[in-house]
Amino acid sequence: MNPGPVEEGAKVAAGITDALKSSPMLLTMIVMQALTLIGIGWGVHERNAMFSAEIQRLSEERQEVVKACIGNKT
């Protein structure tokens, strides 16, 4: 009988775990790289949120100025 994807995935995970047990420095490097990528992703997300809020505020100010200019000429 052929093993299913779950059994094959478990074999791969066991193999990876065994390989990382013999080299803790490699495991540490992988964890640090993952944390770095998570930090970069979070920083990019926060920066985009800040810029979105700033663009929204400037758009509202521009609309107020346009309404004020149009209102004075009518």
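Results, tabulated for the structure shown:
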| read-out | value |
| --- | --- |
| Residue tally, condition β-branched (Val, Ile, Thr), in a helix (DSSP H, G or I) and farther than 30 Å from Leu20 by Cα, over segment 31-74 | 5 |
| Residue within segment 3-13 that is at pLDDT below 85, of a type in the set (Gly, Ala, Ser) and on the phi < 0 side of the Ramachandran plot present | yes |
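The values are calculated or read from the model by the stated rules, or taken from the named source; none is laboratory data. Computed from a predicted structure; not experimentally measured.
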